[in-house]
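Read the structure below first, then the notes.
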Amino acid sequence: MIKFDVFGTLMSVLRNRDEWQLFVESETSIRRRVYDVVIPEELREDELAGYLDDIYHEYASEKHPSVKQIS
């Protein structure tokens with residue numbers, strides 16, 4: 001599982017067989033699957049932050065200007 005700070009929202013990406021699965025993480029360790037964003041299966045792990053940045057760029061702010069991998 002790879003965790004990201006996506007413009008201030010904690011999210012994680014999990015590789016399950018041949019697909020990437022995206023989740024929103026809560027402060028209470030509850031994980032909610034995001035079904036309306038499909039990450040292309042051919043995307044490499046090192047491309048995930050850039051992809052999430054492209055998808056969620058409208059949430060960028062001065063405090064959270066980019067997507068950062070945190071684990």
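Some values worked out for this structure:
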{"item": "Low-density loop positions, GluC sites (Glu not before Pro), the chain - DSSP coil, at most 15 other Cβ in 10 Å", "result": "Glu27, Glu41, Glu42, Glu62"}
{"item": "Gaussian network model of the chain, Cα within-10 Å springs - most flexible of Val37, Val24, Val13", "result": "Val37"}
{"item": "Leading residue at positive end of dipole, the chain (Cβ point charges), from Ala49, Ile39, Gln21", "result": "Gln21"}
{"item": "Rg in Å to one decimal, and Dmax rounded to a whole Å, for the chain via C-alpha atoms", "result": "11.6, 37"}
{"item": "Label-point separation in nm, Lys68 to Ile2, each point 7 Å along Cα→Cβ", "result": "1.7"}
{"item": "GNM flexibility winner over the chain from Ser29, Ser61, Ser12 (Cα, springs under 10 Å)", "result": "Ser29"}
{"item": "Cβ-Cβ FRET estimate between Arg33 and Asp54, R0 fixed at 35 Å, reported to 0.05", "result": "0.95"}
{"item": "Candidates Arg32, Arg44, Arg17, ranked by Gaussian network fluctuation over the chain, Cα under 10 Å, top entry", "result": "Arg17"}
{"item": "Filtered chymotrypsin sites (Phe, Trp or Tyr not before Pro), the chain: DSSP coil and at most 11 other beta carbons within 10 Å", "result": "Tyr35"}
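Read-outs: derived from the displayed coordinates by stated rules, not from any lab. Being a predicted model, the structure only gives us computed values, none of them experimental. Here Cβ is always computed from backbone atoms with ideal geometry, including for glycine, and neighbour counts include all displayed protein chains.
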